[in-house]
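Just so it is clear, none of the values below were taken in a lab; they were calculated from the coordinates. Remember, it's a predicted structure, so these values are computed and weren't measured experimentally. Cβ sites come from the backbone with ideal geometry, for glycine too, and all protein chains shown count toward neighbours.
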């Protein structure tokens with residue numbers, strides 16, 4: 001059974017332990033939702049990476065790249 005989360009709100013783990021290095025999340029295309037349920041084949045898998053697990057230099061580079069994307073440069 002898949003968990004449903006609001007990706008724009010903080011997520012809190014329910015068990016103690018180290019955080020995963022990556023999270024795989026199914027993203028639903030806005031055009032494919034019918035009564036809150038995605039139609040078949042319209043979920044795209046995305047991966048999120050735990051920045052704090054990266055070496056400091058790489059983390060800084062990734063953060064700068066993300067900031068550039070957000071600012072539209």
> What is the spin-label model distance, in nm, from residue 12 to residue 64 if the labels are put 7 Å beyond Cα along the C-beta direction?
Replying inline: 3.6
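Taking 0.36 nm per residue of separation and subtracting the Cα-Cα distance, what length does fully extending residue 30 through residue 5 add?
Numbers: separation 25, 0.36 × 25 = 9.00 nm, distance 1.56 nm.
This chain segment gains 7.4 nm when fully extended.
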